[in-house]
Each structure stands twice: as structure tokens, then as C-alpha cells.
Amino acid sequence: MNQPTAPELEFLKLLWKKQPCTARELHNAIAENFEWSYSTTRKTLERMGQKEFVLIETIGNKKSYTTKLDKVRVLANFAIDFASRILELDSPLPVAMFADSKLIDKSEIKELEKMLEKLSKEGKS
């Protein structure tokens with residue numbers, strides 16, 4: 001799986017919290033963080049559809065976006081990548097680092113711990 005870019009991850013985070021959303025809703029939510037046009041938002045979402053990161057459905061004359069990526073798996077992949085590439089660690093990051101996350105709820109912590117362990121083992125084989 002390709003890792004989402006920073007802007008793509010921001011869209012995914014919004015969608016994990018509330019979906020489906022229109023391009024306008026997503027654009028308005030990130031307008032403060034990214035100083036780009038609405039057409040750039042639409043183009044980014046279109047590319048995310050091509051990468052199969054989001055499902056694009058047409059409802060009336062509007063397009064609706066829903067994430068196709070599992071939040072825990074994406075975050076685990078980022079954590080493993082950060083640990084190995086940036087920190088040069090061979091073991092997974094401790095799940096405790098996610099304890100105060102606004103993105104992960106308590107019910108997902110165990111799943112994340114298992115995913116980190118699994119991905120770490122896969123990387124060593």
C-alpha cells in the first residue's frame with residue numbers, strides 16, 4: 001500500500017471522524033492548514049480515488065467521499081516507517097505513544113498494538 005501524502009492524510013483524518021463528506025466540506029475544513037484553491041482540493045480527492053484511498057460516489061450533482069483505508073493500519077504503517085526510517089529502531093514504537101491521541105480511541109489501542117507488532121515482524125522477514 002502506498003503511504004498517503006501529508007495533505008491526503010489530513011483528508012483521511014477528517015473522513016475517519018465524519019463521513020461521507022463533499023469536496024466543499026473537506027475543503028472548508030482544511031482551508032486554514034492548506035492555502036490552496038478549491039480546484040486543488042478536488043484534484044487531490046480525485047487522485048485519492050485513483051489510488052483507492054477514498055470511494056467517490058455521485059449523489060445528485062455532488063460527489064461524496066468516504067475513506068477506503070483502515071485508520072489503524074494507516075497509522076501503524078506511519079509509526080513503523082517513522083520508527084525505522086527516522087529513529088532507526090528495529091522494534092515497533094510503544095503503543096503508549098498513542099494514549100492521548102485525538103484520532104485513536106481506547107477501543108482501537110489494542111488493535112493498533114497488534115498491527116504494530118505484525119508490521120514490525122513483516123518488515124524483518
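The values are calculated or read from the model by the stated rules, or taken from the named source; none is laboratory data. A quick note: this is a predicted structure, and the numbers were derived from the prediction, not measured. All Cβ positions, even for glycine, are placed from backbone atoms using ideal geometry, and neighbour counts span all protein chains on display.
Couple of notes before you dig in:
- Residues that are part of a helix (DSSP H, G or I), modelled with pLDDT under 85 and closer than 21 Å to E10 by Cβ, drawn from the range 94-125: M97, F98
- Complete set of residues in the range 61-82 that are small (G, A, S) and out of contact with any helix residue (DSSP H, G or I) (no Cβ under 8 Å at 6 or more places or on another chain): S64
- Filter result for the condition that a residue is basic (K, R), at pLDDT below 85 and surrounded by fewer than 15 Cβ atoms within 10 Å (Cβ to Cβ), over R47, R85: R85
- Number of positions in the range 51-89 that are over 15 Å from P20 (Cα atoms) and in contact with a Ser or Thr (Cβ under 7 Å, 6 or more places away or on another chain): 1
- Sole residue being among the polar types (S, T, N, Q), surrounded by fewer than 18 Cβ atoms within 10 Å (Cβ to Cβ) and modelled with pLDDT under 85, chosen from S37, S91: S91
- Single condition I59 does not satisfy, out of (1) surrounded by 14 or more Cβ atoms within 10 Å (Cβ to Cβ); (2) more than 18 Å from A6 (Cβ to Cβ); (3) not charged (D, E, K, R): (1)
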